[in-house]
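Here is the structure we will look at, set down as structure tokens.
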Amino acid sequence: MKTQVAIIGAGPAGLLLGHLLRAEGVDCVVIERQTPDYVLGRIRAGVLEQVTVGLMARLGLDARLRDQGLVEEGFNLADGERLIRIDVASLTGKTVVVYGQTEITRDLMEAAPGRGLQVIYGVSDVALHDIDGDAPHVTYRKDGADCRIDARFIAGCDGFHGPSRKAIPAAAAKEYERVYPFGWLGILADVPPCNPELIYANHPRGFALASMRSPTRSRYYVDVPLTERVEDWPDDRLWDELALRLGPEAAARITRGPALEKSIAPLRSYVFEPMRHGSLLLCGDSAHIVPPTGAKGLNLAASDVHYAAEALAGYFRRGDGDAIAGYSARALARVWKSERFSWSLTRLMHRFPEDGPFERAMQVAELDYIAGSRAAQLSIAENYVGLPV
Ligand code: RFL
Ligand code: PHB
């Protein structure tokens, strides 16, 4: 098979890129290791920045998002008894939207056939070839047959564990990594949220987050040591822990219910440079990971894809190679700022095992500063709604 751009991975990055390229008249094919149901079963992001909402609107695929998304004008930082509200809307004039990654992925998936976007699910043994030259190709197996896609470019949208990043020679790359000493244990339940706005809590017992997917579906997290297993956390234990960490006021409004999903996600900060090598462009989690504090991961994937689609469309429409050459630097400039925000909010809101009284005093002082300073609140708010692309 021959195409202009071979896209590896049909998560949000791969599907968004595919749709944006099709809208620009660029030929592309997406290949995905999993089945559609498996992809939709992964419970991940919940908070969308303007950049992500804007791309869905530009594609005309935002009908459900506008109908069902919950517009959030602020969020809260809780420290013991105190709740610090960050009034994002009045500080920045912008809002975020609560709309699950599952739903965005479903919207993109269902619209693919009608937009001429071919997505091949259930492939295996994906390998990238000749990425140094201008005629790369991808090989894979599907239904027992060997297959090959020849393309002008390959977009690596295959997440943190995919083969794309690994195809770039180590000598041409640099990795930055911070692994955190805890994971987030998440629970999804069909119960009304305890608060209309998110609450990130730093409690002596540890971190907690109260989030949601809809007025009838809640998403909560607590941080746990990496040695813990989901089986150690029957629903009742998790609800008890959430009530303690979120504080008495929120606890009084928590509705308990059986877990629809419960899982532990490790926390990591990671950046791979450069995000382009020859004819391969990396987008989303294949090039970088942020800890989920601040809800940046999916939104960064969307901004990468915005830059990549612009560069690829420029190449195929005008033969302009400059934007391709500049893709990595442009994307990384935004990636590093989101890495900084996610890392600093993680640092502020979690109790690290190695921390002593001084580090804790620094957290208290920073939260005090934020509580009393419009400038500090504005800085958090502008990062939370998303820096400009
Ligand atoms: P994905 O979603 O991992 O998709 C990659 C796709 O590539 C496929 N793949 C392959 N396909 C073919 N061949 C191979 N060899 C392949 N290997 C892999 C995979 O099956 C998959 O379908 O990466 P993408 O598209 O870059 O999207 C990134 C986001 O998924 C991720 O950043 C977010 O989920 C992060 N995240 C959050 N981001 C936000 O913006 N807001 C949030 O509120 C938020 N909350 C979260 C999160 C991530 C979490 N976890 C579990 C890590 C909460 C959690 C708990
Ligand atoms: C979520 O709803 O899953 C969520 C919300 C905010 C975050 C991370 C995850 O920072």
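The residues on offer are A167, A151, A155, A171, and the sole one that is closer than 22 Å to V26 by Cα, out of contact with any Cys (no Cβ under 7 Å at 6 or more places or on another chain) and among the hydrophobic types (A, V, I, L, M, F, W, C) is A151.
To keep it simple, each residue is scored yes or no on (1) over 30 Å from D130 (Cα atoms); (2) among the acidic types (D, E).
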| site | (1), (2) |
| --- | --- |
| A250 | yes, no |
| R268 | yes, no |
| P274 | no, no |
| H277 | no, no |
| L281 | no, no |
| A301 | no, no |
| E310 | no, yes |
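Within region 268-297, the only residue that satisfies the criterion of being among the aliphatic types (A, V, I, L, M) and either outside the structural domain of A329 (by TED's automatic domain parsing) or in contact with a His (Cβ under 7 Å, 6 or more places away or on another chain) (or both) is V271. Each residue in region 143-167 was checked for being within 15 Å of ligand 1 (Cβ to nearest atom), of a type outside the set (S, T, Y) and in contact with a Leu (Cβ under 8 Å, 6 or more places away or on another chain), and 7 pass. Scanning region 113-125 for residues that are outside any loop (DSSP other than H, G, I, E, B) and open to solvent by less than 30 Å² (accessible area, probe 1.4 Å) yields one hit, I120. Within region 76-92, being of a type in the set (V, I, T) and assigned to a helix (DSSP H, G or I) holds for V88, T92. Residues in region 64-94 that are open to solvent by 30 Å² or more (accessible area, probe 1.4 Å) and either touching a Phe, Trp or Tyr at 6+ places or on another chain (Cβ under 6 Å) or farther than 22 Å from P204 by Cα (or both): R64, R66, D67, Q68, L70, V71, E73, D87, S90, T92, G93, K94. The condition of being at pLDDT 95 or above, more than 27 Å from I43 (Cβ to Cβ) and within 26 Å of the chain's Cα centre (by Cα) holds for L128.
The condition (being assigned to a strand (DSSP E or B) and out of contact with any helix residue (DSSP H, G or I) (no Cβ under 7 Å at 6 or more places or on another chain)) is satisfied by just one residue among L128, L188: L188. Here R58 does not qualify as under 19 Å from E382 (Cα atoms) and away from ligand 1 (no atom under 16 Å from the Cβ). Just one residue in the set E72, E49, E110, E103 is touching a residue at least 24 places away in the same chain (Cβ under 8 Å) and over 16 Å from the mean Cα position of the chain (by Cα); that residue is E72. Looking at this structure, is A251 outside any strand (DSSP E or B), of a type in the set (G, A, S) and within 25 Å of R82 (Cα to Cα)? Spelling it out, A251 is indeed outside any strand (DSSP E or B), of a type in the set (G, A, S) and within 25 Å of R82 (Cα to Cα).
The values are calculated or read from the model by the stated rules, or taken from the named source; none is laboratory data. Bear in mind that the values here come from a model prediction, so they are computed numbers and not experimental data. No Cβ is skipped: glycine too gets one built from the backbone with ideal geometry, and neighbour counts run over all protein chains shown. The protein model used for the area step is the full one, side chains on, heavy atoms only, and it has no ligands, DNA or RNA in it. Shrake-Rupley method; radii C 1.70, N 1.55, O 1.52, S 1.80 Å.
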